[in-house]
Amino acid sequence: MCALQKENLERIRADFPALAQQFWGKQLVYLDNAATSQKPKSVLELLNRMNSLTNANVHRAMYTLSDRATELYEAARTAAASFINASERECVIFTSGTTASINLVASSFSRRYIGKGDKILITADSHHSNIVPWQLAASACGAEIVVLPIKDNGEWEMEALPALLSKEVKIVAATHISNVLGIVNPVEKLIEAAHSCNIPVLLDGAQGIVHQKVDVKALDCDFYAFSAHKIYGETGSGVLYGKRKWLEEMPPYMGGGDMVGTVTFQKTTYAPLPLKFEAGTPNFIANAALAPALEYASLLRKGEMGRDVAESERAIVEYLLEALPKINGVRLYGIPADISRKIPLFSINVQGCNSGDIAQILDKLGIAARSGMMCAEPVMSRYGITGMLRASFAPYNTLQEAELYVEGLKRALAMLL
Ligand code: PLP
């Protein structure tokens, strides 16, 4: 790594106060970014400023303080629309996160378009958030869930797709990047195949939004869901993008204040998009913080900084792809044939070792890694195991931290095996 590259990465780290902490007398090595990323100062400042000074309910009042809060809230919608290249900002719905976004579509879309005997196609690498909402919807409307399987290396079994896209399938809900396997899935091919059968596609973008440039217009996806807290934003905030034609026709998900036109005891008309899907007081401060969060994410992708971040992430991917399988007993999951489709997220299982035990030893070394099923029990079952240990990296993580992780892992395994 050249001096300038190192300087740029150090500058990024300095923007994240949480990284400067120590645990058990060791410098924190935060490797659970796929669960929640840390927040840069710009996001923390906005949260603090709004909580202290601009805390007034949005959209409702005729006084200046409320106007200011509304402006910040709506500015974040514009920022989100621009970040994913949505053609209309009204097609960006604020939710509490990916889970809420998928539940919204599963519930509302199925009520309008799915009936008895129909099918919903999901991908086998799905997080529980892209499984359970569809099961709830399917059981409510008499539909069936079908699953696109994954191969041993974690890639989608695309050969199985044509036979699964039957005329009964009313929607495909697919994972852009799995939180366990870390593979950028061929979503463009999936969307093309589904659209050729007139089937809309929802993408679970919880990880995709962080590691890929998402352009919903170019992708032509029908829905895209993501959470703010995985991309430097606040918890309790997220986005559902949907094509206008679907959002217009789908019934509201929740009823309440702000989502109505007129209300009588006999009949209610609904507000135009996006408010039709934003019943009640939204998490307006968290949602407003999406603007500086996405601004920070854009900065990490642009120019010299973008090049340095991409190079650093590639070096981490190459190093761990080589180092992890060499450790005795370690099996690494999610190795695509084309290595450029691997993000810096590594899930392993060690024969004879409980992943939680390894994570606890790593914690004593200052290393925060995730263990367990990672809300993807069917992925664990696919590989015949009950848990994995996951290290997921963000642009503020360094190659040196990846090396510390490997050293720590070896130490832990020496104690446990
Ligand atoms: N989908 C994927 C692929 C995820 O990684 C996650 C969270 O880890 C989710 C959905 C759920 O996100 P949230 O808990 O923010 O709603």
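All but one of (1) in a loop (DSSP other than H, G, I, E, B); (2) closer than 16 Å to VAL406 by Cβ; (3) aliphatic (A, V, I, L, M) hold for ILE335, so report the exception by its number.
(2)
Filter the range 299-353 down to the residues that are among the aromatic types (Phe, Trp, Tyr) and surrounded by fewer than 17 Cβ atoms within 10 Å (Cβ to Cβ) and list them by number. Write out each step before concluding.
Restricting attention to the range 299-353, the residues satisfying the condition of being among the aromatic types (Phe, Trp, Tyr) are 319, 333, 346.
TYR319 - this is the single residue of the range 299-353 that is among the aromatic types (Phe, Trp, Tyr) and surrounded by fewer than 17 Cβ atoms within 10 Å (Cβ to Cβ).
So, in the range 244-258, exactly how many residues are surrounded by fewer than 20 Cβ atoms within 10 Å (Cβ to Cβ) and within 29 Å of THR36 (Cβ to Cβ)?
3
Residue by residue through the range 18-30, note down the ones that are assigned to a helix (DSSP H, G or I) and surrounded by 13 or more Cβ atoms within 10 Å (Cβ to Cβ).
ALA18, LEU19
Hey, could you check the range 178-205 for residues that are surrounded by fewer than 18 Cβ atoms within 10 Å (Cβ to Cβ) and of a type in the set (Asp, Glu) and say which is nearest to the ligand (Cβ to nearest atom)?
Ranking the qualifying residues of the range 178-205, first place goes to GLU188.
One line per residue, one yes/no per condition, for (1) within 16 Å of the ligand (Cβ to nearest atom); (2) over 30 Å from GLY303 (Cβ atoms); (3) open to solvent by 10 Å² or more (accessible area, probe 1.4 Å); (4) modelled with pLDDT of 95 or more:
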position: GLN5; (1), (2), (3), (4): no, no, yes, no
position: GLU10; (1), (2), (3), (4): no, no, yes, no
position: MET50; (1), (2), (3), (4): no, no, no, yes
position: THR70; (1), (2), (3), (4): no, yes, yes, yes
position: THR95; (1), (2), (3), (4): yes, yes, yes, yes
position: ILE102; (1), (2), (3), (4): yes, yes, no, yes
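Considering only residues that are open to solvent by 10 Å² or more (accessible area, probe 1.4 Å) and either under 19 Å from VAL216 (Cα atoms) or free of Cβ contacts under 8 Å to residues at least 12 places away in the same chain (or both), which ones fall in the range 104-135?
VAL132, GLN135
I'd like the residue in the range 217-231 that is farther than 18 Å from SER129 by Cα and touching an Asp or Glu at 6+ places or on another chain (Cβ under 9 Å) and, out of all such residues, is nearest to the ligand (Cβ to nearest atom).
LEU219
Out of all the residues in the range 5-17, which are part of a helix (DSSP H, G or I) and not charged (D, E, K, R)? Write out each step before concluding.
Applying the first criterion (part of a helix (DSSP H, G or I)) to the range 5-17 yields 5-14, 17.
Passing the criteria: GLN5, ASN8, LEU9, ILE12, ALA14, PRO17.
Take ALA138 and tell me if it is touching a residue at least 24 places away in the same chain (Cβ under 8 Å), small (Gly, Ala, Ser) and either open to solvent by less than 10 Å² (accessible area, probe 1.4 Å) or within 18 Å of VAL201 (Cβ to Cβ) (or both). Explain how you work it out, then say what you get.
Numbers: touching a residue at least 24 places away in the same chain (Cβ under 8 Å): yes; small (Gly, Ala, Ser): yes; either open to solvent by less than 10 Å² (accessible area, probe 1.4 Å) or within 18 Å of VAL201 (Cβ to Cβ) (or both): yes.
Considered against the rule, which asks whether it is touching a residue at least 24 places away in the same chain (Cβ under 8 Å), small (Gly, Ala, Ser) and either open to solvent by less than 10 Å² (accessible area, probe 1.4 Å) or within 18 Å of VAL201 (Cβ to Cβ) (or both), ALA138 comes out as yes.
Does any residue of the range 118-141 turn out to be of a type in the set (Lys, Arg), at pLDDT 95 or above and assigned to a helix (DSSP H, G or I)? Break it down into steps so the answer makes sense when it comes.
Taking the range 118-141 first, the residues of a type in the set (Lys, Arg) are 119.
Going one step further and asking which of them are at pLDDT 95 or above, we end up with 119.
Imposing the further condition that a residue be assigned to a helix (DSSP H, G or I) reduces the set to none.
No; the residues of the range 118-141 include none that is of a type in the set (Lys, Arg), at pLDDT 95 or above and assigned to a helix (DSSP H, G or I).
The values are calculated or read from the model by the stated rules, or taken from the named source; none is laboratory data. Because the structure is predicted, anything quoted here is derived from the model rather than measured. Here the Cβ is made from the backbone with ideal geometry for all residues, glycine too, and neighbour counts use every protein chain on show. Note: accessible area is taken over every heavy atom of the protein model, side chains too, but ligands, DNA and RNA are not part of it. Shrake-Rupley method; radii C 1.70, N 1.55, O 1.52, S 1.80 Å.
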